[in-house]
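Here is the structure we will look at, set down as structure tokens.
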Amino acid sequence: MRTLKFLLQKEFKQIFRSKSIIFSIVFAPIIQLILMPLAANYEVKNIYVAFVDHDHSSYSQKLINRVYSSIYFKAAPYSASYDDAMHLIEQNKADIIVEIPQGFEDNLVRESHDKLYLAVNAINGTKAGVGSGYLGSIIRDFNQDIQLQWKQPGHFAEAQTIDVVTNNWYNPYMSYFLFMVPGLMVSLLTGIGAFSASLNIVREKEIGTIEQINVTPIRKYHFLLGKLIPYWCLGMIVFTIGMLVSRLIYGIVPVGSIPLLYGFLAVYLLTLLGAGLLISTYSDTQQQAVSVAFFFVLIFNFISGIFTPIDSMPEWAKVLAYISPISHFAQVMRMVVLKGSGWSDVLPHLGAVFALGVVLNTWAVLNYRKTT
Amino acid sequence: MAAITLDNIVKTYGEKDQKVLAVDQASFAVEEGEMFGLIGPDGAGKTTIFRILTTLLLPDSGTASVAGYDTAADYTQIRNCVGYMPGRFSLYQDLTVEENLKFFATIFNTTIEENYHLIKDIYVQIEPFKDRRAGKLSGGMKQKLALCCALIHKPTVLFLDEPTTGVDVVSRVEFWDMLKRLKAQGITILVSTPYMDEAVLCDRIALIQSGKILSVDTPANTVKKYPTKLYAAKASDMHQLLKDIRSYPGVASCFTFGESLHFTFRQDDAQNIAGLKATLDSGNYLDLVINEIQPNIEDYFIQISEPVHA
């Protein structure tokens, strides 16, 4: 225990003397948490719509006004023909073309139906999908209004009577930040956790100090614990800073219990640092360690469900996501912060992360050799 | 009882196809309280032997013991009672002089005060800089600090791997004075160096090349083993002189040594030296000087390792 105490003393001294560590632990997360949610925003705005109006009627005018009055759409330059509008798409000045056929108003009034033609620039899939969806719902509304206006009082039944109302539970206003910020915190913490401890050990290898340590009676678990505990504490600090940032800047207050989050974090960090230690026992240089850690962090970040739902991934990715501690932590963060889940809901995730942590740490201790 | 023994140690590096033999059946013993030098050029296998003895490396075959403990089986005991100063400075550069010393004292469960008498002579020299980070010290200071850290737990055996490489001449002399004082305190010292002039300062030396131990003896006896007479020649045109001497049929070897040439004959007889002198006199050497000299360790080293070069 005495040895461990002195190892920790030394480690903390070194950490607080290194400017880069303080930066990457205090400032980097704050800056990233402020910038990333703004940049990685899936809400689509500023969709340019080009109308090709062959009808020039009051109805076509009404439709155009209605579309442009939405906050999502902006007017592309006016074009007289479909070919003109297509040029706008080629020049990236328009995202969607709406072609209104001749006799649009007449047909609507007389025949109660007509067709519109929508052409969407699908280079940016998200923008195309969301944009045509918004546009579709505006046109549907418009259609309903007209139907009601022209229906004979006796034909009420023919009007649409099923009105689907969606209620967004746990995130009633569909706030993007509420969904994304807890996820990004997981992603940030993972980056810091996986790199810091493994880099530290490999640095001792590079500088040669590990040689001097290895001829001393220090036990290897003392040495590894001496590396693990400081970075575990730093992980806790980074998380706390992240929670403060999301509360002060995004106004996110976890619905569930904060001690539960910290409890899960404690186990999660142990697993993450175990992975870092394992990488460090296999690498001889910091460059090797970074490449390997980066490879895993990148892959597991993408399949973690932070950015895209796990349910829509192929089976093999689902298996990977199930093994990955990142996906478990991301789910738990959202469950607790948004939904207020309790201990019993979190338990399966906790078990999975803990089991992996035991495996990784044992592996790291067994693979760490004081003798080559 | 010998403080250090090596018995037929073999160590190879590398994968199956391209194995490099680093240590080839090395055997020697160091007595208690002895200052033993491991002398050899770079890449001779000195560091590998150090790493085996300090339990950092397992030999392929052979056994070694330090302070009576087997390096493979009793490595924990060895780690408690040896001091090791690697060739490369390997203390924490971002900790201060004092913090480094304190750290290494505490992990050996001791304090600076307890063994201060051992390091006092050395530590007083770096004490004015005790609040300076170790990385900011000069080369000589670093070596002194490293020696302090290797000594702070009062080791019975001290391993110094090229402690004076890259250190200026004055500091080198100082350093060897310190080692003498440590030896006087009964600490067994195994030191390696590529400098032959430092070899004479050891009680006994082992000459090592390409992983092979070539000879183990006292420095005085080592040079006595030199088999033939050795001559030194000097002239203004050294390059021509080297060519002329080498081309003389009776000459066995001729090497540049400092500012003169050292050479030997195949047979020690008056005829050879007289014949060579006559040949050289016919050349146009203005200030030719030839005399017989006492061989030193470097001469001996070149002599016994010559077949390797040939």
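The values are calculated or read from the model by the stated rules, or taken from the named source; none is laboratory data. Quick caveat: nothing in here was measured; it's all calculated off a predicted structure. Cβ atoms come from the backbone with ideal geometry, glycine included; neighbour counts cover every protein chain shown. The protein model used for the area step is the full one, side chains on, heavy atoms only, and it has no ligands, DNA or RNA in it. Shrake-Rupley method; radii C 1.70, N 1.55, O 1.52, S 1.80 Å.
For the reader, a short list of remarks on this structure follows.
- Unit charges on C-beta of K, R, D, E only; dipole of the stretch B:208-285, Debye: 240
- Evaluated with a Cβ-only charge set (Lys, Arg +1; Asp, Glu -1), chain B carries a dipole of roughly 360 debye about its Cα centre, given to the nearest 20.
- Cα-only Debye scattering, chain B: base-10 log of I(q)/I(0) at q = 0.06, 0.07, 0.12 Å⁻¹: -0.26, -0.35, -0.86
- Cα pair count fraction exceeding 25 Å, expressed as % - chain A: 65
- Residue separation of A:Phe307 and A:His113 scaled by 0.36 nm, minus their Cα-Cα distance, works out to 65.8 nm of gained length.
- 1.4 Å probe, heavy atoms, protein only - residues of the stretch B:49-81 losing at least 50 Å² accessible area vs chain alone: B:Leu56, B:Arg79
- Given R0 = 30 Å, the distance between the Cβ atoms of A:Arg2 and A:Gln288 translates into a calculated FRET efficiency of 0.35.
- Hydrodynamic estimate: the Kirkwood radius of the stretch A:254-298 over Cα pairs, inserted into Stokes-Einstein at 25 °C and 0.890 mPa s, corresponds to D of 204 µm²/s.
- With the convex hull drawn around the C-alpha atoms of the protein assembly as shown, the volume per residue stands at 261 Å³.
- Whole-percent carbon and sulfur share, accessible surface of the stretch B:227-294, 1.4 Å: 49
- Tail beyond 16 Å, pair distance distribution of the stretch A:47-158 (Cα, percent): 59
- Reciprocal mean inverse distance between Cα atoms of the stretch A:319-372 - Kirkwood radius, Å: 12.6
- Helix-only arithmetic for chain A: the sum of -39500 (n - 2.57) across DSSP H runs with n ≥ 4, divided by the residue total, places the mean residue ellipticity at 222 nm at -21500 deg cm²/dmol.
- Label zone at A:Asn65 (point 7 Å along Cα-to-Cβ), backbone N below 19 Å, the stretch A:103-118: A:104-106, A:108-109
- Under the simplified labelling scheme, the B:Glu32-B:Val289 pair shows an inter-label distance of 5.0 nm, with each label point 7 Å from Cα along Cα→Cβ.
- With all protein chains kept in place, the per residue accessible area of the protein assembly as shown amounts to 49 square angstrom at a probe of 1.4 angstrom.
- Charging the Cβ of each Asp and Glu at -1 and of each Lys and Arg at +1, and nothing else, the dipole of the protein assembly as shown about its Cα centre rounds to 1640 debye.
- Chains B and A together bury some 2600 Å² of accessible area, summed over both sides, with a 1.4 Å probe.
- Selection from A:Tyr322, A:Leu228, A:His56, by position along the positive dipole direction of chain A (Cβ): A:Leu228
- Secondary-structure-derived ellipticity at 222 nm for chain B, considering helices only, amounts to -10500 deg cm²/dmol, per-run term -39500 (n - 2.57) for DSSP H runs with n ≥ 4.
- Extension gain (nm, one decimal) between A:Leu298 and A:Asp106, 0.36 nm per residue minus Cα-Cα: 63.4 nm
- Within the stretch B:210-247, backbone nitrogen closer than 17 Å to the virtual label 7 Å beyond the Cα of B:Tyr13 toward Cβ: B:210-212
- Span-like helix ranges in chain A, DSSP H, alpha carbon extent 30 angstrom or more, Kyte mean at least -0.5: A:125-150, A:176-207, A:220-248, A:258-282, A:343-367
- Threshold 20 Å², the stretch B:94-113 residues less accessible with all protein chains present than alone (1.4 Å probe): B:Asp94, B:Leu95, B:Glu99, B:Phe103, B:Phe104, B:Thr106, B:Ile107, B:Phe108, B:Asn109
- Accessible area, probe 1.4 Å, largest first, for residues B:Lys11, B:Lys212, B:Lys136: B:Lys136, B:Lys212, B:Lys11
- Whole-percent carbon and sulfur share, accessible surface of the stretch A:47-158, 1.4 Å: 52
- Förster radius 41 Å - calculated FRET efficiency between B:Asp217 and B:Ala73, Cβ distance, rounded to 0.05: 0.85
- Relative to the longest principal axis of the Cα atoms of chain B, the long axis of helix B:169-184 makes an angle of roughly 60 degrees.
- Over 32 Å between alpha carbons, listed pairs A:Lys13/A:Lys220; B:Lys144/B:Lys225; A:Lys227/B:Lys130: B:Lys144/B:Lys225
- Placed amide H near B:Ile208: partners under 5 Å, 5+ positions off or other chain: B:Ile39, B:Gly40, B:Leu214
- Shape summary of the stretch A:48-111, radius of gyration then Dmax from alpha carbon positions: 12.0, 38 Å.
- The stretch B:232-304: C-alpha gyration tensor shape, a/c 1.5 cut-off, then a/b vs b/c: oblate
- Cα lying deepest toward the dipole's positive end in the stretch A:217-372, options A:Ile237, A:Val292, A:Gly340, charges on Cβ: A:Ile237
- Degrees, to the nearest 10: B:238-247 long Cα axis against longest axis of chain B: 70
- Potential extension, B:Ser61-B:Val173 segment - 0.36 nm per residue separation minus Cα distance: 36.6 nm
- In this rough spin-label picture, where each label sits 7 Å from Cα along the Cβ direction, the B:Ser247-A:Arg203 distance is 6.2 nm.
- Degrees, to the nearest 10: B:97-107 long Cα axis against longest axis of chain B: 70
- In this simple spin-label model, placing a label point 7 Å from the Cα along the Cα-to-Cβ direction at both A:Val359 and B:Ala274 gives a separation of 8.9 nm.
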